[in-house]
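In what follows, a single structure is set out as structure tokens and then discussed.
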Amino acid sequence: MKKFVLFCLLVTVTFGYADDTKISPELRGYNSAQPVQVIVQYAPGTQPGAQTNCSGLFGFLDCVVSDLLNILVSCLSSMASSPWWTVPVS
């Protein structure tokens, strides 16, 4: 029981002193249930999806699955544009 109380105390203190300096002053104090309109800007060359992280096991698996899906899509699109699968009308 003492460990649980200590854990709750640590969590409370941690959230109480959380750093919110990166949050815009206009957004501080907003309730998380309130919808807010924001503008997201990306630094040049960091478009979402342009860079992938293939480090670690899950990153590697993500890259392999992504590459396999890209190959499958390119094969299907090339097969759809070729006339070998069309049935001649008689």
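Nothing in this text is a laboratory measurement; each read-out follows from the coordinates by a stated rule. Since this is a predicted model, take the numbers as computed values, not measurements. Every residue, glycine as well, gets a Cβ built from its backbone with ideal geometry; the counts of neighbours run over all protein chains shown.
Figure the gain on full extension for residue 53 and residue 27 (residue separation times 0.36 nm, minus the Cα-Cα span) and round it to one decimal in nm.
My answer for the length gained is 6.3 nm.
What spacing in nm lies between the two simple spin-label points modelled at residue 79 and residue 43, each 7 Å away from Cα in the Cβ direction?
Taking the two extended label points, one gets 4.2 nm.
Residue-wise, which Karplus ³J(HN,Hα) couplings in Hz belong to the stretch 61-71, taking 6.51 cos²θ - 1.76 cosθ + 1.60, θ = phi - 60°, and x for glycine or proline?
5, 4, 5, 5, 5, 4, 5, 5, 5, 5, 5
What FRET efficiency comes out for residue 34 versus residue 11 if R0 is 22 angstrom and r is the Cβ-Cβ distance? Round to the nearest 0.05.
Efficiency computed from Cβ-Cβ geometry: 0.35.
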